[in-house]
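Student: This structure is in C-alpha coordinates; I'll ask about it shortly.
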Amino acid sequence: MFLSVFDIFKIGIGPSSSHTVGPMVAAGRFLDQLRGQGHQRYARIAVSLHGSLAFTGKGHASDQAVILGLLEQKPDSVECDLIDQMIADISKSKQLKPVGLPAIAFDPASDLVFDYDQALPGHSNGMVFRAFDGSGELLDELICYSIGGGFVVSDKELEEGQQAAQPAGLDAMPYPFANAAEMLDMGKTSGLTIAQMKRANECTRMSEAELDAGLDRIWDAMQSCIERGLRESGVLPGGLKVRRRAHEMLEKLRARKGHNKPFEHWVVDWLSVYAMAVNEENAAGGRVVTSPTNGAAGVIPAVLRYYLDHIPDANHDGVRLILLTAAAVGGIIKHNASISGAEVGCQGEVGSASAMAAAGLCAALGGENNQIENAAEIALEHHLGMTCDPIGGLVQVPCIERNAFGAVKAVTAASIALHGDGQHVVSLDSCVETMRQTGLDMHTKYKETSIGGLAANVVEC
(Lines give C-alpha, C1' and ligand atoms only; values in the text may rest on other atoms or scores of the structure.)
Protein backbone atom coordinates (compact mmCIF):
# COMPACT_ATOMS: atom_id res chain seq x y z
CA MET A 1 0.00 0.00 0.00
CA PHE A 2 1.04 3.64 -0.28
CA LEU A 3 2.38 4.58 3.13
CA SER A 4 1.54 8.10 4.16
CA VAL A 5 3.67 10.01 6.61
CA PHE A 6 0.69 9.56 8.94
CA ASP A 7 0.88 5.79 8.53
CA ILE A 8 4.51 5.84 9.62
CA PHE A 9 3.96 8.37 12.42
CA LYS A 10 0.84 7.48 14.41
CA ILE A 11 -0.12 8.88 17.79
CA GLY A 12 -0.84 6.07 20.24
CA ILE A 13 0.06 4.72 23.67
CA GLY A 14 2.88 2.63 25.06
CA PRO A 15 4.51 0.34 25.58
CA SER A 16 4.43 -1.26 22.10
CA SER A 17 3.02 -0.40 18.69
CA SER A 18 2.81 -4.04 17.64
CA HIS A 19 1.77 -5.48 21.01
CA THR A 20 -0.38 -2.65 22.38
CA VAL A 21 -1.56 -0.36 19.58
CA GLY A 22 -2.04 -3.21 17.08
CA PRO A 23 -4.24 -5.40 19.32
CA MET A 24 -6.33 -2.37 20.27
CA VAL A 25 -6.90 -1.55 16.60
CA ALA A 26 -7.63 -5.20 15.78
CA ALA A 27 -10.26 -5.49 18.53
CA GLY A 28 -12.04 -2.39 17.24
CA ARG A 29 -11.89 -3.80 13.74
CA PHE A 30 -13.57 -6.99 14.92
CA LEU A 31 -16.46 -5.04 16.41
CA ASP A 32 -16.86 -3.22 13.09
CA GLN A 33 -16.96 -6.60 11.35
CA LEU A 34 -19.72 -7.79 13.69
CA ARG A 35 -21.72 -4.62 13.11
CA GLY A 36 -21.46 -5.20 9.39
CA GLN A 37 -23.13 -8.60 9.63
CA GLY A 38 -26.48 -7.03 10.49
CA HIS A 39 -27.81 -9.51 13.06
CA GLN A 40 -28.10 -9.48 16.86
CA ARG A 41 -27.34 -13.07 17.89
CA TYR A 42 -23.91 -12.41 19.35
CA ALA A 43 -23.73 -13.49 22.99
CA ARG A 44 -20.03 -13.97 23.80
CA ILE A 45 -16.63 -12.90 22.46
CA ALA A 46 -13.37 -14.81 22.92
CA VAL A 47 -9.84 -13.80 21.92
CA SER A 48 -6.57 -15.73 21.66
CA LEU A 49 -3.07 -14.23 21.27
CA HIS A 50 -0.34 -16.23 19.55
CA GLY A 51 3.41 -16.23 18.94
CA SER A 52 5.24 -13.16 20.22
CA LEU A 53 1.93 -11.66 21.34
CA ALA A 54 1.58 -14.61 23.70
CA PHE A 55 5.17 -14.80 24.92
CA THR A 56 5.61 -11.08 25.65
CA GLY A 57 1.98 -9.98 25.72
CA LYS A 58 1.80 -9.53 29.49
CA GLY A 59 4.85 -7.29 29.54
CA HIS A 60 3.52 -5.28 26.63
CA ALA A 61 -0.04 -5.01 28.05
CA SER A 62 -1.49 -6.79 25.01
CA ASP A 63 -4.35 -8.17 27.10
CA GLN A 64 -5.28 -4.69 28.30
CA ALA A 65 -5.03 -3.40 24.72
CA VAL A 66 -7.52 -6.00 23.49
CA ILE A 67 -9.92 -5.07 26.28
CA LEU A 68 -9.59 -1.37 25.48
CA GLY A 69 -10.26 -2.07 21.81
CA LEU A 70 -13.36 -4.07 22.68
CA LEU A 71 -14.42 -1.08 24.79
CA GLU A 72 -14.14 0.96 21.57
CA GLN A 73 -11.19 3.01 22.78
CA LYS A 74 -8.75 4.37 20.17
CA PRO A 75 -4.95 4.52 20.57
CA ASP A 76 -4.75 8.23 19.76
CA SER A 77 -7.55 9.33 22.07
CA VAL A 78 -7.83 6.91 25.02
CA GLU A 79 -7.43 8.66 28.37
CA CYS A 80 -4.29 7.05 29.77
CA ASP A 81 -5.18 7.96 33.36
CA LEU A 82 -8.50 6.07 33.09
CA ILE A 83 -7.17 2.80 31.66
CA ASP A 84 -6.79 0.99 34.99
CA GLN A 85 -10.37 1.85 35.95
CA MET A 86 -11.76 0.69 32.58
CA ILE A 87 -9.93 -2.63 32.91
CA ALA A 88 -11.20 -3.09 36.45
CA ASP A 89 -14.79 -2.30 35.40
CA ILE A 90 -14.89 -4.88 32.60
CA SER A 91 -13.27 -7.51 34.83
CA LYS A 92 -16.10 -6.94 37.29
CA SER A 93 -19.06 -6.64 34.90
CA LYS A 94 -17.82 -9.26 32.39
CA GLN A 95 -19.95 -7.58 29.75
CA LEU A 96 -19.36 -5.43 26.66
CA LYS A 97 -21.89 -2.92 25.37
CA PRO A 98 -20.68 -1.98 21.88
CA VAL A 99 -22.54 0.66 19.93
CA GLY A 100 -24.95 -0.96 17.45
CA LEU A 101 -24.62 -4.44 18.98
CA PRO A 102 -26.35 -6.27 21.84
CA ALA A 103 -24.70 -6.62 25.22
CA ILE A 104 -22.04 -9.32 24.80
CA ALA A 105 -20.46 -11.45 27.51
CA PHE A 106 -16.70 -11.15 27.81
CA ASP A 107 -14.75 -12.33 30.84
CA PRO A 108 -11.07 -11.39 30.46
CA ALA A 109 -10.07 -14.13 32.89
CA SER A 110 -11.41 -16.91 30.66
CA ASP A 111 -12.19 -15.37 27.27
CA LEU A 112 -8.74 -13.82 26.68
CA VAL A 113 -6.13 -16.55 26.22
CA PHE A 114 -2.35 -16.38 25.74
CA ASP A 115 -1.73 -19.36 23.47
CA TYR A 116 1.95 -20.30 23.86
CA ASP A 117 1.66 -23.52 21.86
CA GLN A 118 0.04 -22.62 18.54
CA ALA A 119 1.76 -19.99 16.40
CA LEU A 120 -0.26 -18.69 13.47
CA PRO A 121 1.28 -19.11 10.00
CA GLY A 122 1.20 -15.54 8.70
CA HIS A 123 3.23 -13.62 11.28
CA SER A 124 4.59 -14.03 14.79
CA ASN A 125 2.09 -11.46 16.14
CA GLY A 126 -1.14 -13.34 15.56
CA MET A 127 -4.63 -12.87 17.03
CA VAL A 128 -7.94 -14.69 16.66
CA PHE A 129 -11.24 -13.01 17.57
CA ARG A 130 -14.38 -15.15 17.75
CA ALA A 131 -18.06 -14.39 18.40
CA PHE A 132 -20.56 -17.01 19.57
CA ASP A 133 -24.32 -17.18 20.04
CA GLY A 134 -26.03 -18.21 23.25
CA SER A 135 -25.67 -21.92 22.54
CA GLY A 136 -21.94 -21.66 21.86
CA GLU A 137 -22.14 -21.81 18.07
CA LEU A 138 -19.37 -19.88 16.31
CA LEU A 139 -20.95 -17.02 14.34
CA ASP A 140 -17.99 -14.95 13.23
CA GLU A 141 -14.20 -14.98 13.31
CA LEU A 142 -11.33 -12.64 12.48
CA ILE A 143 -7.73 -13.81 12.18
CA CYS A 144 -5.34 -10.90 12.01
CA TYR A 145 -1.74 -9.94 12.53
CA SER A 146 -0.05 -6.94 14.10
CA ILE A 147 2.84 -6.46 11.70
CA GLY A 148 4.69 -3.61 13.41
CA GLY A 149 4.20 0.12 13.85
CA GLY A 150 0.52 -0.32 14.74
CA PHE A 151 -0.31 -1.78 11.31
CA VAL A 152 -2.91 -4.57 11.40
CA VAL A 153 -3.87 -6.87 8.53
CA SER A 154 -6.25 -9.82 8.28
CA ASP A 155 -4.99 -13.21 7.17
CA LYS A 156 -6.52 -12.60 3.72
CA GLU A 157 -5.00 -9.13 3.42
CA LEU A 158 -1.61 -10.47 4.42
CA GLU A 159 -1.79 -13.16 1.75
CA GLU A 160 -2.88 -10.65 -0.89
CA GLY A 161 -0.10 -8.27 0.11
CA GLN A 162 2.54 -10.98 -0.18
CA GLN A 163 1.35 -11.73 -3.69
CA ALA A 164 1.34 -8.09 -4.83
CA ALA A 165 4.23 -6.95 -7.04
CA GLN A 166 4.31 -3.41 -5.57
CA PRO A 167 2.44 -1.41 -2.94
CA ALA A 168 -1.14 -0.64 -3.88
CA GLY A 169 -1.83 3.00 -4.55
CA LEU A 170 1.60 3.95 -5.86
CA ASP A 171 0.32 4.28 -9.43
CA ALA A 172 -1.77 7.26 -8.36
CA MET A 173 1.27 9.09 -6.98
CA PRO A 174 3.31 11.58 -9.07
CA TYR A 175 6.50 9.99 -7.68
CA PRO A 176 5.65 6.30 -7.14
CA PHE A 177 8.99 5.07 -5.81
CA ALA A 178 8.95 1.64 -4.13
CA ASN A 179 12.67 1.52 -3.34
CA ALA A 180 15.61 3.86 -2.89
CA ALA A 181 16.95 3.44 -6.43
CA GLU A 182 13.64 4.58 -7.90
CA MET A 183 13.49 7.43 -5.41
CA LEU A 184 16.93 8.69 -6.46
CA ASP A 185 16.15 8.31 -10.16
CA MET A 186 12.89 10.25 -9.83
CA GLY A 187 14.62 12.93 -7.84
CA LYS A 188 17.31 13.29 -10.50
CA THR A 189 14.77 13.46 -13.32
CA SER A 190 12.46 15.91 -11.56
CA GLY A 191 15.10 18.00 -9.84
CA LEU A 192 13.18 17.64 -6.58
CA THR A 193 14.39 16.66 -3.13
CA ILE A 194 13.11 13.53 -1.39
CA ALA A 195 10.95 15.67 0.91
CA GLN A 196 9.47 17.56 -2.05
CA MET A 197 8.54 14.32 -3.80
CA LYS A 198 7.05 12.93 -0.61
CA ARG A 199 5.08 16.15 -0.14
CA ALA A 200 3.73 15.92 -3.70
CA ASN A 201 2.63 12.33 -3.11
CA GLU A 202 0.89 13.25 0.15
CA CYS A 203 -0.90 16.17 -1.51
CA THR A 204 -2.76 13.82 -3.84
CA ARG A 205 -4.79 12.89 -0.75
CA MET A 206 -4.90 16.15 1.20
CA SER A 207 -4.17 19.84 0.87
CA GLU A 208 -0.82 21.43 1.69
CA ALA A 209 -2.42 23.08 4.71
CA GLU A 210 -3.81 19.76 5.97
CA LEU A 211 -0.45 18.10 5.48
CA ASP A 212 1.43 20.79 7.39
CA ALA A 213 -1.15 20.80 10.17
CA GLY A 214 -0.79 17.03 10.49
CA LEU A 215 3.00 17.24 10.57
CA ASP A 216 2.80 19.91 13.26
CA ARG A 217 0.42 17.72 15.27
CA ILE A 218 2.90 14.83 15.09
CA TRP A 219 5.79 17.01 16.27
CA ASP A 220 3.64 18.51 19.04
CA ALA A 221 2.88 14.99 20.29
CA MET A 222 6.56 14.03 20.14
CA GLN A 223 7.55 17.22 21.95
CA SER A 224 4.92 16.68 24.64
CA CYS A 225 6.21 13.15 25.17
CA ILE A 226 9.77 14.42 25.58
CA GLU A 227 8.65 17.01 28.12
CA ARG A 228 6.59 14.50 30.14
CA GLY A 229 9.48 12.06 30.15
CA LEU A 230 11.88 14.77 31.35
CA ARG A 231 9.52 15.75 34.19
CA GLU A 232 8.68 12.32 35.56
CA SER A 233 10.77 10.28 37.98
CA GLY A 234 10.39 7.08 39.97
CA VAL A 235 10.22 3.39 39.08
CA LEU A 236 8.71 2.11 35.84
CA PRO A 237 5.86 -0.43 36.08
CA GLY A 238 6.34 -4.11 35.30
CA GLY A 239 8.38 -5.55 38.15
CA LEU A 240 11.95 -5.01 36.91
CA LYS A 241 12.29 -1.98 39.20
CA VAL A 242 13.88 0.05 36.43
CA ARG A 243 14.25 3.67 37.50
CA ARG A 244 13.50 6.58 35.22
CA ARG A 245 16.78 8.39 34.57
CA ALA A 246 15.94 11.14 32.11
CA HIS A 247 14.83 13.65 34.76
CA GLU A 248 17.98 13.21 36.83
CA MET A 249 20.15 13.40 33.71
CA LEU A 250 18.43 16.63 32.69
CA GLU A 251 19.14 18.22 36.06
CA LYS A 252 22.82 17.34 35.75
CA LEU A 253 22.97 18.67 32.19
CA ARG A 254 21.39 21.95 33.28
CA ALA A 255 23.91 22.23 36.09
CA ARG A 256 26.71 22.06 33.53
CA LYS A 257 25.58 25.23 31.77
CA GLY A 258 28.18 27.93 32.17
CA HIS A 259 30.91 25.40 32.82
CA ASN A 260 34.16 27.09 31.88
CA LYS A 261 35.62 23.93 30.37
CA PRO A 262 32.77 22.16 28.54
CA PHE A 263 33.48 18.90 26.76
CA GLU A 264 32.47 18.70 23.10
CA HIS A 265 30.92 15.28 23.61
CA TRP A 266 28.38 16.64 26.09
CA VAL A 267 26.02 17.24 23.16
CA VAL A 268 25.70 13.44 22.97
CA ASP A 269 24.24 13.51 26.48
CA TRP A 270 21.46 15.82 25.27
CA LEU A 271 20.61 13.42 22.45
CA SER A 272 20.54 10.56 24.94
CA VAL A 273 18.35 12.31 27.50
CA TYR A 274 15.75 13.26 24.86
CA ALA A 275 15.58 9.69 23.53
CA MET A 276 15.45 8.11 26.98
CA ALA A 277 12.73 10.49 28.12
CA VAL A 278 10.47 9.31 25.29
CA ASN A 279 11.07 5.63 25.85
CA GLU A 280 10.66 5.87 29.59
CA GLU A 281 7.30 7.47 28.93
CA ASN A 282 6.52 4.69 26.44
CA ALA A 283 7.47 2.03 28.99
CA ALA A 284 5.06 3.67 31.44
CA GLY A 285 2.20 3.36 28.92
CA GLY A 286 2.09 7.06 28.09
CA ARG A 287 1.19 8.86 24.86
CA VAL A 288 3.85 8.39 22.18
CA VAL A 289 4.24 8.49 18.39
CA THR A 290 5.21 5.38 16.44
CA SER A 291 8.51 6.37 14.88
CA PRO A 292 8.21 3.94 13.14
CA THR A 293 7.36 1.79 16.20
CA ASN A 294 6.87 2.42 19.91
CA GLY A 295 9.97 0.45 20.82
CA ALA A 296 11.98 2.88 18.66
CA ALA A 297 9.86 5.95 19.43
CA GLY A 298 12.68 7.96 21.00
CA VAL A 299 15.16 8.13 18.13
CA ILE A 300 13.48 10.55 15.73
CA PRO A 301 12.07 12.91 18.42
CA ALA A 302 15.56 13.08 19.98
CA VAL A 303 17.16 13.99 16.66
CA LEU A 304 14.44 16.56 15.96
CA ARG A 305 14.96 18.16 19.39
CA TYR A 306 18.73 18.08 18.81
CA TYR A 307 18.19 19.83 15.47
CA LEU A 308 16.08 22.60 17.00
CA ASP A 309 18.14 23.13 20.15
CA HIS A 310 21.69 22.64 18.91
CA ILE A 311 21.80 23.50 15.19
CA PRO A 312 22.18 27.21 14.30
CA ASP A 313 19.36 28.59 12.12
CA ALA A 314 17.17 25.54 12.68
CA ASN A 315 13.48 26.28 12.10
CA HIS A 316 10.06 24.69 12.06
CA ASP A 317 10.12 24.17 8.30
CA GLY A 318 13.15 21.95 8.94
CA VAL A 319 11.07 19.82 11.32
CA ARG A 320 8.52 19.20 8.59
CA LEU A 321 11.30 18.43 6.11
CA ILE A 322 12.84 15.90 8.51
CA LEU A 323 9.49 14.15 9.08
CA LEU A 324 8.72 13.92 5.37
CA THR A 325 12.19 12.61 4.48
CA ALA A 326 12.15 10.15 7.35
CA ALA A 327 8.71 8.87 6.31
CA ALA A 328 9.91 8.30 2.74
CA VAL A 329 12.79 6.16 4.00
CA GLY A 330 10.58 4.38 6.55
CA GLY A 331 8.06 3.46 3.86
CA ILE A 332 10.81 1.94 1.71
CA ILE A 333 12.13 -0.14 4.62
CA LYS A 334 8.68 -1.34 5.64
CA HIS A 335 7.70 -2.31 2.09
CA ASN A 336 10.93 -4.14 1.26
CA ALA A 337 11.78 -5.63 4.66
CA SER A 338 10.10 -4.97 8.01
CA ILE A 339 9.88 -2.58 10.95
CA SER A 340 8.69 -5.34 13.29
CA GLY A 341 10.94 -6.59 16.08
CA ALA A 342 8.92 -9.79 16.18
CA GLU A 343 9.71 -10.34 12.51
CA VAL A 344 13.34 -9.22 12.05
CA GLY A 345 14.60 -8.23 15.50
CA CYS A 346 15.51 -4.78 16.75
CA GLN A 347 17.39 -3.99 13.54
CA GLY A 348 13.90 -3.43 12.10
CA GLU A 349 12.86 -1.09 14.90
CA VAL A 350 15.74 1.02 16.24
CA GLY A 351 17.73 0.33 13.05
CA SER A 352 14.93 1.65 10.86
CA ALA A 353 14.34 4.63 13.16
CA SER A 354 18.03 5.53 13.09
CA ALA A 355 18.09 5.33 9.29
CA MET A 356 15.00 7.51 9.04
CA ALA A 357 16.39 10.07 11.49
CA ALA A 358 19.77 10.15 9.73
CA ALA A 359 18.11 10.79 6.37
CA GLY A 360 15.90 13.52 7.79
CA LEU A 361 18.71 15.32 9.58
CA CYS A 362 20.97 15.09 6.53
CA ALA A 363 18.21 16.68 4.44
CA ALA A 364 17.64 19.48 6.96
CA LEU A 365 21.35 20.25 6.97
CA GLY A 366 21.39 20.71 3.20
CA GLY A 367 22.28 17.22 2.03
CA GLU A 368 21.56 16.25 -1.55
CA ASN A 369 19.44 13.19 -2.32
CA ASN A 370 22.46 10.89 -2.77
CA GLN A 371 23.86 12.03 0.58
CA ILE A 372 20.48 11.55 2.27
CA GLU A 373 20.23 7.99 0.94
CA ASN A 374 23.83 7.42 2.07
CA ALA A 375 23.03 8.68 5.58
CA ALA A 376 20.09 6.26 5.87
CA GLU A 377 22.24 3.38 4.64
CA ILE A 378 25.07 4.11 7.08
CA ALA A 379 22.73 4.19 10.06
CA LEU A 380 20.89 1.01 9.05
CA GLU A 381 24.08 -0.86 8.14
CA HIS A 382 25.43 -0.43 11.65
CA HIS A 383 22.32 -1.87 13.25
CA LEU A 384 22.25 -5.03 11.11
CA GLY A 385 21.80 -8.20 13.12
CA MET A 386 20.54 -6.49 16.26
CA THR A 387 18.26 -8.82 18.19
CA CYS A 388 15.07 -8.01 20.09
CA ASP A 389 15.41 -9.57 23.53
CA PRO A 390 13.52 -7.45 26.09
CA ILE A 391 14.05 -8.65 29.63
CA GLY A 392 10.78 -9.78 31.14
CA GLY A 393 8.99 -8.93 27.90
CA LEU A 394 9.08 -5.26 28.92
CA VAL A 395 10.15 -2.42 26.63
CA GLN A 396 12.70 -1.23 29.19
CA VAL A 397 16.00 -3.15 29.10
CA PRO A 398 17.76 -2.83 26.68
CA CYS A 399 15.21 -0.77 24.75
CA ILE A 400 15.43 2.59 26.52
CA GLU A 401 19.21 2.95 26.22
CA ARG A 402 19.13 1.45 22.73
CA ASN A 403 17.07 4.43 21.55
CA ALA A 404 19.77 6.77 22.83
CA PHE A 405 22.38 4.89 20.80
CA GLY A 406 20.11 4.92 17.75
CA ALA A 407 19.84 8.71 17.95
CA VAL A 408 23.61 9.13 18.33
CA LYS A 409 24.23 6.82 15.38
CA ALA A 410 21.73 8.79 13.29
CA VAL A 411 23.56 12.08 13.86
CA THR A 412 26.90 10.39 13.19
CA ALA A 413 25.59 8.84 9.97
CA ALA A 414 24.23 12.18 8.75
CA SER A 415 27.56 13.85 9.49
CA ILE A 416 29.59 11.18 7.68
CA ALA A 417 27.28 11.37 4.65
CA LEU A 418 27.50 15.17 4.53
CA HIS A 419 31.30 14.95 4.47
CA GLY A 420 31.06 12.75 1.37
CA ASP A 421 29.73 13.29 -2.13
CA GLY A 422 26.97 10.69 -1.97
CA GLN A 423 28.99 7.95 -3.64
CA HIS A 424 29.25 4.78 -1.57
CA VAL A 425 29.72 1.03 -1.92
CA VAL A 426 26.57 -0.26 -0.21
CA SER A 427 23.21 1.10 -1.39
CA LEU A 428 20.27 1.60 0.94
CA ASP A 429 18.33 -1.01 -1.06
CA SER A 430 21.10 -3.56 -0.56
CA CYS A 431 21.18 -2.82 3.14
CA VAL A 432 17.39 -3.17 3.45
CA GLU A 433 17.51 -6.50 1.63
CA THR A 434 20.32 -7.65 3.92
CA MET A 435 18.19 -6.76 6.92
CA ARG A 436 15.30 -8.77 5.49
CA GLN A 437 17.49 -11.82 4.89
CA THR A 438 19.08 -11.50 8.32
CA GLY A 439 15.64 -11.42 9.87
CA LEU A 440 14.67 -14.61 8.07
CA ASP A 441 17.81 -16.33 9.35
CA MET A 442 17.47 -15.01 12.90
CA HIS A 443 16.28 -17.59 15.43
CA THR A 444 12.81 -16.97 16.79
CA LYS A 445 14.09 -16.67 20.36
CA TYR A 446 15.86 -13.44 19.38
CA LYS A 447 12.74 -11.85 17.88
CA GLU A 448 10.69 -10.34 20.73
CA THR A 449 9.84 -13.60 22.46
CA SER A 450 12.01 -12.99 25.56
CA ILE A 451 13.27 -16.58 25.46
CA GLY A 452 16.80 -15.74 24.29
CA GLY A 453 19.58 -13.17 24.53
CA LEU A 454 19.56 -10.77 27.46
CA ALA A 455 16.09 -11.93 28.44
CA ALA A 456 17.42 -15.43 29.08
CA ASN A 457 20.72 -14.45 30.69
CA VAL A 458 19.75 -11.71 33.13
CA VAL A 459 18.05 -12.71 36.34
CA GLU A 460 14.92 -10.61 36.83
CA CYS A 461 14.84 -8.66 40.08
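Student: Condition test on Val458, is it within 27 Å of Leu236 (Cβ to Cβ) and β-branched (Val, Ile, Thr)?
Tutor: Numbers: within 27 Å of Leu236 (Cβ to Cβ): yes; β-branched (Val, Ile, Thr): yes.
The answer is yes for Val458.
Student: So which residues in the range 422-455 are closer than 30 Å to Phe177 by Cα, buried (at least 22 other Cβ atoms within 10 Å of the Cβ) and aliphatic (A, V, I, L, M)?
Tutor: Hits for the range 422-455 are Leu428, Val432, Met435.
Student: A further question on this structure: Scanning for something without any contact (Cβ under 8 Å) to a residue 24 or more places away in the chain, surrounded by fewer than 16 Cβ atoms within 10 Å (Cβ to Cβ) and more than 30 Å from Gly36 (Cβ to Cβ), does the range 215-223 turn up at least one residue? Quick ask: steps written out before the conclusion?
Tutor: Looking only at the range 215-223, we keep the residues that are without any contact (Cβ under 8 Å) to a residue 24 or more places away in the chain, and these are 220.
Adding the requirement that they be surrounded by fewer than 16 Cβ atoms within 10 Å (Cβ to Cβ) leaves 220.
Next, from what is left, pick out any that are more than 30 Å from Gly36 (Cβ to Cβ): 220.
Scanning the range 215-223, I find at least one residue that is without any contact (Cβ under 8 Å) to a residue 24 or more places away in the chain, surrounded by fewer than 16 Cβ atoms within 10 Å (Cβ to Cβ) and more than 30 Å from Gly36 (Cβ to Cβ), so the answer is yes.
Student: Test of understanding: among Thr193, Thr189, Thr204, which residue is open to solvent by 20 Å² or more (accessible area, probe 1.4 Å) and in contact (Cβ under 8 Å) with a residue 60 or more places away in the chain?
Tutor: Details: Thr189 fails: in contact (Cβ under 8 Å) with a residue 60 or more places away in the chain; Thr204 fails: in contact (Cβ under 8 Å) with a residue 60 or more places away in the chain.
The match here is Thr193.
Student: So, of the residues in the range 68-111 that are of a type in the set (A, V, I, L, M), touching a strand residue (DSSP E or B) at 6+ places or on another chain (Cβ under 7 Å) and open to solvent by less than 20 Å² (accessible area, probe 1.4 Å), which turns out to be nearest to Gly134 (Cα to Cα)?
Tutor: Filtering the range 68-111 for residues that are of a type in the set (A, V, I, L, M), touching a strand residue (DSSP E or B) at 6+ places or on another chain (Cβ under 7 Å) and open to solvent by less than 20 Å² (accessible area, probe 1.4 Å), the one nearest to Gly134 (Cα to Cα) comes out as Ile104.
Student: Taking helices (runs of 4 or more DSSP H) that fall entirely within the range 333-394, which contain at least 3 residues that are within 17 Å of the chain's Cα centre (by Cα)? Talk me through it step by step, then tell me what you get.
Tutor: On the way: elements: 341-344, 350-364, 369-381.
Result: 341-344, 350-364.
Student: Would it be correct to say that Ala255 is over 21 Å from the mean Cα position of the chain (by Cα) and either of a type outside the set (D, E, K, R) or open to solvent by 70 Å² or more (accessible area, probe 1.4 Å) (or both)? Break it down stepwise before answering.
Tutor: Details: over 21 Å from the mean Cα position of the chain (by Cα): yes; either of a type outside the set (D, E, K, R) or open to solvent by 70 Å² or more (accessible area, probe 1.4 Å) (or both): yes.
Judged against the criteria, Ala255 is a match.
Student: Moving on to the next point. Which one of Ala363, Ala353, Ala413, Ala357 is under 23 Å from Thr189 (Cα atoms) and modelled with pLDDT of 95 or more? Step through it out loud before you land on a result.
Tutor: On the way: Ala353 fails: under 23 Å from Thr189 (Cα atoms); Ala413 fails: under 23 Å from Thr189 (Cα atoms); Ala357 fails: under 23 Å from Thr189 (Cα atoms).
So the residue among Ala363, Ala353, Ala413, Ala357 that is under 23 Å from Thr189 (Cα atoms) and modelled with pLDDT of 95 or more is Ala363.
Student: With more than 14 Å from Ala379 (Cβ to Cβ) and either modelled with pLDDT under 95 or touching a Ser or Thr at 6+ places or on another chain (Cβ under 6 Å) (or both) as the only criterion, which of Glu433, Glu448 stands out?
Tutor: Glu448
Student: Can you tell me how many residues in the range 307-332 are over 18 Å from Ala275 (Cα atoms) and either in a loop (DSSP other than H, G, I, E, B) or open to solvent by 40 Å² or more (accessible area, probe 1.4 Å) (or both)?
Tutor: Final tally of qualifying residues: 8.
The values are calculated or read from the model by the stated rules, or taken from the named source; none is laboratory data. Please read these numbers as outputs of a predicted model, since none were measured by experiment. Cβ sites come from the backbone with ideal geometry, for glycine too, and all protein chains shown count toward neighbours. We work out accessible area using only protein heavy atoms, side chains counted, and drop any ligands, DNA or RNA first. Shrake-Rupley method; radii C 1.70, N 1.55, O 1.52, S 1.80 Å.
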